[in-house]
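Notes for the one structure printed next.
The values are calculated or read from the model by the stated rules, or taken from the named source; none is laboratory data. Predicted, not measured: the structure shown is a model, and the values here were computed from it. With ideal geometry, Cβ positions are generated from the backbone for all residues, glycine too; neighbour counts draw on all protein chains shown.
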Amino acid sequence: MSAISRDDVAHLAKLARISMSDAELDHLAQEMDLILGAVARVQEVAASDVPPTSHPIPVNNIVREDVVRPSLTPQEALSGAPAQSEDRFKVPQILGEE
Amino acid sequence: MTSIKSSAADMAAALAAGTTTSVELTQLHYDRIAQVDEEVHAFLYLDKEGALEQAAAVDAKRQSGEELGPLAGIPLALKDVLAQKGVPTTCGSKMLEGWRPPYDATVVTRLKEAGVVILGKTNMDEFAMGSSTENSAYGPTHNPWDLTRIPGGSGGGSAAALAAFEAPLAIGTDTGGSIRQPAAVTGTVGVKPTYGGVSRYGLIAFSSSLDQAGPCARTVLDAALLHEVIAGHDERDSTSINAPVPQVVKAAKKLDVKGMKIGVVRELQGEGFQAGVLERFHDGLDALVSAGAELVEVSCPTFDYALAAYYLIAPSECSSNLARFDSMRYGIRVGDNGERSAEEVMKLTRHEGFGPEVKRRIILGTYALSSGYYDAYYGSAQKVRTLLMRDFAAAFAQADVLVSPTAPTTAFKIGEQVDDPLAMYLNDIATIPVNMAGIGGMSLPCGLASEDGLPVGFQIMSPAMRDDLMYQVGGTLEAALLAKWGAPILDKAPVLAAR
């Protein structure tokens, strides 16, 4: 039985904001099935009494002094923008028809 | 007489003695690049103007008697995953085509401050995902040992630049082996420092809990010199370790392993490893024993699960990190015709901007993190990570360093594994445990495989923040093998060394 269907992949692609052709979805569904089959073996050793590790070194909540320091100018920050207007990033419509 | 085949340490000595200048050295390397890079394709971009300017500035400082760092004036090749102000930085992806970062990565800042001359940006698998550099949107890099073969990945460009004598030093990044595996298959040296040892600020993130930048070179000492330039605490990276940098240069010069315990990892040999790789690995072990080290066999049973756990954790972090490529603030934008919504434009841009491997990993990571599957996949993988760290802790209780072959095979043919992701993933089977535990790892050449005459890498793993130990063992092994061979291994590279 396959672990993941073409529709599942289409849903994941939607969540990940990647449009995909039918051919891509078909191909990826097959590959995902193989890959998930191979990686699922982590469950064999992941006993309930083993704590998870998210990070190799124990650091947390590193903070710095709250002081103003030099940063990018608006021009620098916008230098890579696909579109800009009045010192702002210009983006396509977000809320649908006005 | 310094040539492009000299070590960086020898080039530095020549600069200090005044027998050459940085401008001369830099030009020499651009000449070499012009001669061979059409075939090797190690570089994506050359910053000739900036590099020659930096070289001239270092020469002027030297002329005026200013105190300079040990690598001042030495040329270097920079992996295109690191932001360099004003210089195109693509990460091997169409997504960032034409992007010029408005700031320098901390690694780049430190290189510049040390007077290192950045020749250009090197090719890589897209967003550092791959083991062959075939996933670059700008075409593959070719292995200088055999141009029909892969140079490893993701940092194949940096490793190939060293092996083809296009640069004496390079920077790589290593998430699951992307510095060490390319070093192994090109006959060069590559080091993944302890996680947190080198700042990740300005390193375009793939898997933040695994990514680590490190030095690539042709000798262990050169790697150590570069390591000390780029390492050290950086308050702009919250995972940067605030502790003194291990003294790796001193360690690389020790050339003594008497009484050291070398742990040979049982799980990282045998099935899946090419016979010629294991032969050369055992030559390396013999050389260490002759130098006075003691071998102990160690067992790390969870290593058999490391690859599976990695291919859940890395894609999960990747799916989150690469969400930033949304076509709004930087990178390409596709299909913005004034009618489409931001979300539609985002989807079209990500369809066009990402290659197949990146999409595969984003989808896999999105799945592993989605509700209902999180515990079974990502959660289980995090538990395996705990078990891997326990394995390492137990092994390091018995040995000072651990060793294995770096990669299971020598360089394979371009195109050979490109349609089989699972086969491709196996290339990193021996390097991945190091990233999962955040410890240090080095690869250095230990000879040529008898079947194909291609280089084999010897991996040395050291406990966290004891990077000096792998340099000590690596430096000793390198010296012992050099004495046996009579000449550096790259002298045997048939295609380019003769030119």
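Brief remarks follow.
- Matching residues, the range A:57-98, being surrounded by 10 or more Cβ atoms within 10 Å (Cβ to Cβ) and among the basic types (Lys, Arg): A:Arg88, A:Lys90
- Counted residues, the range B:364-393 - those being of a type outside the set (S, T, N, Q) and either assigned to a loop (DSSP other than H, G, I, E, B) or free of Cβ contacts under 8 Å to residues at least 24 places away in the same chain (or both): 9
- Residue check, B:Arg333 under 30 Å from A:Phe89 (Cα atoms) and modelled with pLDDT of 95 or more: yes
- Of A:Arg6, A:Arg17, all but one fail to be at the interface with chain B (Cβ under 8 Å from one of its Cβ atoms) and either closer than 18 Å to B:Phe354 by Cβ or surrounded by 10 or more Cβ atoms within 10 Å (Cβ to Cβ) (or both); the exception is A:Arg17.
- Considering residues of the range B:360-383 that are among the polar types (S, T, N, Q) and more than 7 Å from chain A (Cβ to nearest Cβ) only, the residue surrounded by the most Cβ atoms within 10 Å (Cβ to Cβ): B:Ser370
Conditions (1) within 30 Å of B:His351 (Cβ to Cβ); (2) touching a residue at least 60 places away in the same chain (Cβ under 8 Å); (3) out of contact with any helix residue (DSSP H, G or I) (no Cβ under 8 Å at 6 or more places or on another chain), marked per residue:
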| residue | (1), (2), (3) |
| --- | --- |
| B:Ala57 | no, no, yes |
| B:Gly65 | no, no, yes |
| B:Leu71 | no, yes, no |
| B:Gln84 | yes, no, no |
| B:Gly92 | yes, yes, no |
| B:Pro101 | yes, yes, yes |
| B:Leu111 | no, yes, no |
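- Residue within the range A:51-72 that is within 30 Å of B:Ala342 (Cβ to Cβ), under 23 Å from the mean Cα position of the chain (by Cα), free of Cβ contacts under 8 Å to residues at least 12 places away in the same chain and within 8 Å of another protein chain (Cβ to nearest Cβ) present: no
- Of the strands (runs of 3 or more DSSP E) lying entirely inside the range B:398-488, those containing at least 1 residues that are in contact with a Pro (Cβ under 7 Å, 6 or more places away or on another chain), away from chain A (no Cβ under 14 Å) and polar (S, T, N, Q) span B:455-462.
- Whichever residue in the range B:275-326 is buried (at least 22 other Cβ atoms within 10 Å of the Cβ), within 24 Å of the chain's Cα centre (by Cα) and more than 14 Å from every other protein chain (Cβ to nearest Cβ) and, among such residues, is nearest to B:Lys94 (Cα to Cα): B:Val277
- B:Val229 satisfies every condition listed in (1) more than 16 Å from B:Gln459 (Cβ to Cβ); (2) assigned to a strand (DSSP E or B) except (2).
- Identity of the residue in the range B:327-348, β-branched (Val, Ile, Thr) and over 19 Å from B:Phe206 (Cα atoms), that ends up farthest from the other protein chains (Cβ to nearest Cβ): B:Val334
- Every residue from the range B:232-272 that is part of a helix (DSSP H, G or I), more than 30 Å from B:Val116 (Cβ to Cβ) and among the aliphatic types (A, V, I, L, M): B:Leu268
- Any chance B:Leu203 is hydrophobic (A, V, I, L, M, F, W, C) and out of contact with any Leu (no Cβ under 7 Å at 6 or more places or on another chain): no
- Residue-level analysis places A:Ala23 outside the set of residues that are more than 7 Å from every other protein chain (Cβ to nearest Cβ) and touching a Gly at 6+ places or on another chain (Cβ under 8 Å).
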